[in-house]
Amino acid sequence: MSNIEPLAQQFINSRLPPEEQYQQLLQFVDKDKLDEAFAEFRRRAGRVRRMTPPPLLSPEGGEQTGWYVGGDKIPNARFWPALKQHLLHNKNWTQPAVDSINDASDKIVAWLEHPVASRFQTRGLVVGYVQSGKTANFTSVIAKAADVGYRVFIVLSGTKVSLRAQTQRRLDRELVELNDVLWYTPTRTSDFNLTDNPNYFLNPDKDSHVLTVVKKNGTVLRRLINWLSNASPDILDRCPILIIDDEADEASINTASNQAQGNPDTYRRTAINQRLIELLTMLPKAAYIGYTATPFASVLVDPRSKVDLYPRNFIVALPKPDGHFGTERIFGRERLLQDETDEEFEGLDMVRLVPETELSLLQPDSRNRHDFLPALSPSLKSAVNYFWMAAAARWVRGQQGEHSTMLIHTTQYIDIHNMTRQLIDSYRAEVLDMLGGRERDHLLQQWREQWDDEQQRLPREQFTEQVVTFDALLVHLSTVIAQTHVVVDNYRSDNRLNYENGTRLQIAIGGNTLSRGLTLEGLLVSFFVRAANAYDTLLQMGRWFGYRPNYADLPRIWMTEELRDFFYDLATVEAEIRQDIERYADMGMTPEQFGVRIRTHPALAITARAKMQHAAQTRIAYDNNNVQTVLFNHRDAKWLRKNLKAANDLVSRIQQLGFQVVNRSGHQVLYGVPVDMITSFLDQYQFHEMSREVSARALKEYIRQQNKYGVLRQWNVVLRGVTAKEKANYGTLNLGGLEVPMLVRTRRTTPVEYANIGVLMSDGDTGADLPADRSAYKGRKAHEIRELRQQYGETQNRGMLILYLISKDSQPGKSSVKTKRALEAADHLVGLGIVFPPAPSDSVYEVEYVEVNPDNLEQYIEPDFLEEDESEA
């Protein structure tokens with residue numbers, strides 16, 4: 001290796017594309033030695049493209065054409081080293097956090113074209129989390145791209161003036177000011193309006209770079225296009241340009257109607273999309289990377305078009321950063337087929353419910369909008385009180401120098417915003433008077449009780465922050481209230497959110513301007529009852545996601561029960577998309593082959609109707625997966641008894657045929673049961689009507705398809721026993737002549753009308769029928785156990801049906817008493833766990849999702865499951 005290292009390093013050091021550098025060196029170097037060095041260089045570059053995290057979908061064979069070996073290895077780099085030091089020493093990032101963003105940005109830059117390549121049009125998509133550091137990632141990408149020769153950087157920063165200004169300030173601090181003489185920033189004080197000769201700024205022979213932060217506005221984009229069009233063709237031919245589209249699913253997507261028919265490159269286009277396409281197609285060397293936390297619209301773009309924004313070159317899912325509070329952490333989510341854990345995904349107890357009866361006090365309906373007067377409802381008053389106490393608690397922890405913010409988002413109507421501000425201001429004055437008067441003791445007793453209750457509702461073992469007593473925060477309470485600014489943030493307001501002029505305590509009342517991209521510093525309390533009818537709209541309105549350094553235990557959210565349940569479902573959708581990207585990346589699938597599945601929701605659209613014109617319904621595969629029933633009509637005795645009878649009949653029929661019971665680690669197993677007995681049981685068993693991934697029709701159709709290939713013709717039926725860590729004090733039930741122990745499974749606190757037990761299967765259940773000691777698979781992940789099942793004749797290519805008898809009297813344990821409640825069922829429950837082996841062929845799908853599949857677009861019919869666009873006043 002050492003004798004070729006200097007040659008390999010020449011490929012790394014060169015500003016030429018690797019192929020051109022190879023041809024130059026070939027004139028002076030032995031070909032065999034050069035080939036060996038070139039192969040070593042390609043191996044290193046390919047490793048950055050394929051082997052470093054995070055998972056990424058990309059074209060086939062891309063690792064053989066890599067050119068980038070990582071930001072830390074670029075000689076004479078100026079931008080990334082400066083940013084890296086800034087993150088470590090000025091922003092106090094940990095080394096693991098810097099390493100994570102280094103790996104992710106390396107991988108993204110590695111899939112850009114070499115800046116000296118003759119012509120290119122790159123399209124990529126980066127999927128992050130709401131308020132998770134996407135800006136930090138694309139700042140790193142810009143720095144690294146600048147280090148290797150990209151010259152011009154255009155950042156499209158959403159559609160709001162406030163977001164454009166915030167993004168500009170962030171890039172100024174973390175990129176421009178670190179190498180001030182090497183940047184020209186024409187948008188530093190206002191949006192793009194440059195008229196000077198572009199050749200001067202774009203000249204690739206100059207040692208400087210251009211950075212513009214541009215609002216997605218038709219007029220502004222037209223000015224940018226006109227300015228670039230005045231550059232000489234020779235200059236543009238040599239000027240590689242990187243376009244970062246922050247919030248890529250907002251405004252950028254073509255929402256013009258009737259796109260489903262005809263040539264995708266001749267579609268009618270909406271104004272912003274048209275400008276973006278004009279911008280990209282006029283540039284000989286352009287790379288476009290969309291960034292979003294809500295990729296629903298971005299992955300439903302028509303992938304056949306060669307000029308649109310579909311991410312044909314790469315799709316990457318950023319890892320969840322340490323310390324980030326996302327949808328799943330706050331609200332919890334369902335357990336998915338691909339999850340390799342039996343643990344429940346419980347959310348933190350940070351959500352306080354606003355009764356539906358209060359909504360009429362907070363927001364008008366369409367009939368009384370102009371006569372409506374908002375009122376300070378009990379929940380809103382409680383939320384404001386908690387905000388002041390939480391802000392005072394931060395002061396106890398020495399965080400007086402940090403911003404603290406409360407968000408109030410009840411409606412989009414700006415006149416209601418102003419009236420709500422007056423309410424909060426009046427209440428603030430009233431509280432200050434009470435604290436200085438005779439009512440002080442009564443008021444403080446109420447607040448003390450609220451604070452003490454809030455402190456008890458979170459598991460302290462999950463947090464490292466200092467515990468703050470009410471007496472400790474009381475010292476600062478009056479000062480905090482007196483210094484609070486109540487502001488309205490909408491497109492008409494003058495006194496808006498401001499984090500630039502010293503530390504501020506702010507209660508911000510607003511609508512759309514607060515609902516996408518904008519970071520609310522030190523967000524402690526969100527009062528959110530604004531309705532939305534689409535996944536992406538609802539997620540982006542949730543400004544409470546993000547980092548909460550040294551106050552992770554303090555944030556709270558007030559919302560309706562319906563909205564809380566929506567966010568629980570959205571957390572499931574988010575997790576599923578990221579799992580799909582990771583799984584399909586492992587399969588080597590390309591972006592153009594990738595049809596991301598997005599499960600449908602009965603009350604929410606995925607995104608705006610016009611953004612889904614290329615979506616089609618699809619279905620889910622069961623191969624090499626576990627499925628389980630977790631929803632039950634627990635109050636319907638007749639429904640429950642049908643399932644008890646179905647289970648009893650199945651076990652009786654199996655034994656009548658002479659099958660013998662084998663005991664395996666406390667479970668009773670019946671091996672080699674014919675498939676027709678299983679399908680007959682599925683016909684008899686009652687699945688809950690809300691169960692999407694598991695239904696008799698779906699399971700039977702999948703089994704029927706797999707039977708054609710010799711799979712699932714025999715099954716193993718397991719009567720689930722009690723494991724060592726489970727309690728066995730709920731008795732037994734006779735099932736087909738066999739005594740089967742009753743298990744404990746409790747229900748979530750919501751919903752109320754039916755039972756959601758969260759998780760049925762436990763660690764190791766995937767191997768319950770293995771003819772091996774439990775130690776052979778104990779502690780292994782579910783997919784590893786499924787692989788192990790293929791190694792034994794008794795389990796190979798067989799399905800496993802596990803029957804769980806659940807006691808109607810199940811009670812929650814001490815550790816789950818806050819998130820679970822007693823089952824209180826009308827009769828005992830029968831739960832099903834089903835383990836499927838790998839499929840030798842394409843699987844049949846069943847659960848309703850939507851996806852874009854290029855193979856289906858020619859036969860596209862407008863789906864009938866789309867919701868209408870959300871209308872804003």
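The values are calculated or read from the model by the stated rules, or taken from the named source; none is laboratory data. Nothing here was measured: the structure is a model prediction, and the numbers come from that model. Don't worry about glycine lacking a Cβ; one is built from the backbone with ideal geometry, like all the others, and counts go over all protein chains shown. We work out accessible area using only protein heavy atoms, side chains counted, and drop any ligands, DNA or RNA first. Shrake-Rupley method; radii C 1.70, N 1.55, O 1.52, S 1.80 Å.
For the stretch 145-292, the relative contact order works out to 30 percent when only alpha carbon pairs closer than 8 Å and six or more residues apart are counted.
A Förster distance of 30 Å, applied to the separation of the beta-carbon atoms of residue 466 and residue 427, puts the FRET efficiency at 0.55. To the nearest 10, the accessible area of residue 150 is 0 Å² with a 1.4 Å probe. Counting charges near residue 221 (Lys, Arg +1; Asp, Glu -1) among other residues having Cβ under 11 Å from its Cβ returns a value of +3.
Kindly identify the stretch 69-159 as rounded, prolate or oblate by the Cα gyration tensor criterion: order the square roots of the eigenvalues as a ≥ b ≥ c, call it rounded if a/c is under 1.5, otherwise compare a/b with b/c, prolate if a/b is larger, else oblate.
Details: a/c = 1.82, a/b = 1.23, b/c = 1.48.
The shape class here is oblate.
In this simple spin-label model, placing a label point 7 Å from the Cα along the Cα-to-Cβ direction at both residue 85 and residue 195 gives a separation of 4.1 nm.
Summarising the label geometry, the points placed 7 Å from Cα in the beta-carbon direction at residue 448 and residue 642 lie 5.7 nm from one another.
Between the stretch 685-714 and the stretch 548-583, the alpha-carbon centres lie 31 Å apart. Surface composition of the stretch 426-476: carbon and sulfur atoms hold 45% of the protein heavy-atom accessible area at a 1.4 Å probe. Considering only alpha-carbon pairs that sit under 8 angstrom and 6 or more positions apart, the relative contact order computed for the stretch 729-804 is 20 percent. Normalised per residue, the accessible area of the stretch 64-198 is 35 Å², obtained with a 1.4 Å probe and no contribution from ligands, DNA or RNA. For the stretch 467-503, list residues with backbone N below 17 Å from a point placed 7 Å from the Cα of residue 381 toward its Cβ? Counting only backbone N, you get no residues.
If you stretched the chain out fully between residue 592 and residue 827, how much longer would it get, using 0.36 nm times the residue separation minus the C-alpha to C-alpha distance? Kindly include the intermediate steps, with their values, before the conclusion.
On the way: separation 235, 0.36 × 235 = 84.60 nm, distance 5.04 nm.
Extending this stretch completely gives an extra 79.6 nm.
Between the stretch 644-674 and the stretch 155-211, the C-alpha centres lie 71 angstrom from each other.
The calculated FRET efficiency for residue 696 paired with residue 738, based on their beta-carbon distance and R0 = 30 Å, is about 0.80.
Where does the charge balance sit around residue 505 when Lys and Arg score +1, Asp and Glu -1, over other residues with C-beta under 14 Å from its C-beta?
Taking every Cβ under 14 Å from that of residue 505, the sum is 0.
Simple spin-label estimate for residue 35 and residue 117 gives 2.5 nm between the two label positions (7 Å along the Cα-to-Cβ direction from each Cα). Fully extending the segment from residue 182 to residue 729, taken as 0.36 nm per residue of separation minus the present Cα-Cα distance, adds 189.6 nm. Once all protein chains are placed together, residue 141 keeps about 0 Å² accessible to a 1.4 angstrom probe. Do any trypsin sites (Lys or Arg not before Pro) in the stretch 733-803 lie in a DSSP loop with no more than 15 other beta carbon atoms within 10 Å, and if so, which? Answer in residue order: 778, 781.
Need one word for the stretch 148-252: rounded, prolate or oblate. Basis is the Cα gyration tensor (sqrt eigenvalues a ≥ b ≥ c); a/c below 1.5 gives rounded, then a/b vs b/c decides.
Values: a/c = 1.78, a/b = 1.26, b/c = 1.41.
Note, shape of the stretch 148-252 comes out oblate.
Counting only heavy atoms of the protein chains and using a 1.4 Å probe, residue 159 has close to 40 Å² of accessible surface.
Taking all protein chains together, 694, 161 sort by accessible area into 161, 694, largest first [probe 1.4 Å]. Apolar share of the accessible surface for the stretch 26-111: 51 percent from carbon plus sulfur atoms, 1.4 Å probe.
Taking 0.36 nm per residue of sequence separation and subtracting the Cα-Cα distance, how much length would be gained by fully extending the chain between residue 439 and residue 521, in nm to one decimal?
26.2 nm
With a threshold of 22 Å on the Cα-Cα distance, the over-threshold entries among 642/700; 84/144; 778/808 are 778/808.
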